[in-house]
Each structure stands twice: as C-alpha cells, then as structure tokens.
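Just below is one structure, and these are the notes that go with it.
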Amino acid sequence: MSTEGFVKQIIQLSQQSEELFAHYLLAQDNLYRKIPENEQAALVAKAIASGQAAARHLQSLSLSDFLAEAGISVTYVEETSSKTKVAYTLAEIRLPNRITLNRTLLNSGQQLIDQQEALQFLVERAPIADVLIAHELYHYLENRDQLYTTEKHVQYKIGPFSKTVRIHSLSEIAATAFAKEVFDLSFSPLLFNPVLLYKFDTAFSESFNEQLLKQVE
Ligand SMILES: [Zn+2]
C-alpha cells in the first residue's frame, strides 16, 4: 500500500466512534473469551465514562502543572532495536510517578505528519507527546483513586471454582478516552499507534487500520 493509501485510512478512521476502537482493544484482551457477549457493551461504556470523568481532574490545570503537583516525571528513551521487532513501547508509566516516552517513535510519527498535509489535524490540539502523557496519567489516576477500571469485572468458572478478574484492556479503553477528553480531540488517540509505528513496522500499521476498517463496512 502507498503512503497515500495509509493516510486515507487514517482519515477514515479519524471519523469513527470511540466505541469502534474500544471494542478493538477489548478483543485483544487475553480474557476476551471469558467475557459474555451481552456484557461487553456495558463494560466498554463504563470504561469510557471512567476515562471521561477522570479528565475532570485536569480541567483547571494544565498537563504540566498537574504532573508537577503530583510529582510525576517524564523521561525519554530512544528506540535502539532494529526495524520490525515484535513489540514496541510508545509510552509507559512506572507507578507511582515515572512516565517514559519513546522519542524515536514520537519523532518518526511527527515526521510523517509533517510530510503529509492531510494528517496535520492529528496535532492541531496538542503535541503527540502530551496525548501520550495524558494516556499514562490515567493509569496514575485509576491506581490512585481506585477507579472502575481497577475493579474485578468478570466472573467465570474453572471447573467447580468461580473466579472474578480484572479486564486490563478496560484500562486502555479508559486511558484512551481520558486523553481524548483532556484535549477535546475529534479522533481516537489510538490512531497514534499506527502513525508512530508506520516507518518502523508498516505491515503492523496497515493491518491495524485494516482490522478496524473491516468493522466499519
Ligand atoms: Zn495504557
């Protein structure tokens, strides 16, 4: 696929609802098959609501003020591996207070956006780094305030035993909704995954888009 084709996919995906991306994340969960189908929509809706509600913590504060007040540091690492490795980390938080961002992938995504006029909208409201930081900040808040996403969500049986478990993808769904709400983005921040990885793992980025677009048609 040409870069133009990829850009078109991103634009099409930017117009889709948060639920589309949320269901994609849920389907990636190791425990996905343990979640009854008729409970999925409610779990997703509650996770999105949790992210949106947590965004109110930031309403009067800038992102950097909040980080300073909470004593959270942000550091950058370079991607040292060669292309097409199995897993990349764009950003992560080590609780209680250390956020790390992958500068190589950030710069790569920014470069793609700079080269593609049609992708400018992605950075209109906030720099990519801030959106990724906001996502990680939700993980800080869910842990500090024991939000919905840290609860046990689903009960299932193994033999005669009953087990209740936390569904971790709900945290990702909420963190994504949180970042979207904080900056009032018109698109899902999950779109930064394919954009930032495009030059490193084009096959991943294209198939990510295709899997999501399949649900649209
Ligand atoms: Zn996350």
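A few notes on this one:
- Counted over region 3-216, the DSSP beta bridges are approximately 65% antiparallel.
- Vicinal HN-Hα couplings computed from phi for region 41-49 (Karplus, 6.51 cos²θ - 1.76 cosθ + 1.60; Hz; Gly/Pro x): 4, 5, 4, 4, 4, 5, 5, 4, 4
- Heavy-atom accessible surface of the chain: percent carbon and sulfur, 1.4 Å: 47 percent
- Near residue 153, the amide H atoms lying under 5 Å from its own belong to 165, 166, 167; only residues 5 or more places off or on other chains count, and H is placed 1.01 Å from N.
- Kirkwood-Stokes translational diffusion coefficient of the chain, alpha-carbon pairs, 4 °C, 1.567 mPa s, µm²/s: 71 µm²/s
- Over the C-alpha atoms of region 92-131, the Rg to Rh ratio, Rh being the Kirkwood estimate, stands at 1.09.
- Region 52-152: GluC sites (Glu not before Pro) falling in loop per DSSP and having at most 16 other Cβ within 10 Å: 78, 124, 151
- Rg to Rh quotient for region 132-188, alpha carbon positions, Kirkwood Rh: 1.14
- Computed over region 90-217, the ratio Rg/Rh where both radii use C-alpha atoms and Rh is Kirkwood: 1.04
- Karplus-derived 3J(HN,Hα) values for region 118-134, using 6.51 cos²θ - 1.76 cosθ + 1.60 with θ = phi - 60°, are 5, 9, 3, 4, 5, 10, 5, 9, 7, x, 3, 4, 5, 5, 5, 5, 4 Hz; glycine and proline are entered as x.
- Partner aspartates and glutamates whose Cα lies under 14 Å from the Cα of residue 152, excluding those fewer than 8 positions away in the same chain, are identified as 39, 142.
- Taking amide hydrogens as placed 1.01 Å from N in the peptide plane, the amide H of residue 77 sits under 5 Å from those of 101, 102, 103, each at least 5 positions away in sequence or on another chain.
- Rounded to the nearest whole Hz, the Karplus-based 3J(HN,Hα) values (6.51 cos²θ - 1.76 cosθ + 1.60, θ = phi - 60°) of region 193-200 follow the sequence 4, x, 5, 6, 9, 3, 7, 8, with x at glycine and proline.
- Computed E for residue 56/residue 165 - FRET, C-beta separation, R0 25 angstrom, nearest 0.05: 0.30
- For the chain, relative contact order (Cα pairs under 8 Å, six or more residues apart, normalised by length) works out to 32 percent.
The values are calculated or read from the model by the stated rules, or taken from the named source; none is laboratory data. This one's a predicted model, so the numbers in the text were calculated from it and none came from an experiment. Because the Cβ atoms are built from the backbone with ideal geometry, glycine has one as well, and the counts that use them run over all protein chains shown. Accessible surface areas use protein heavy atoms only, side chains included; no ligands, DNA or RNA. Shrake-Rupley method; radii C 1.70, N 1.55, O 1.52, S 1.80 Å.
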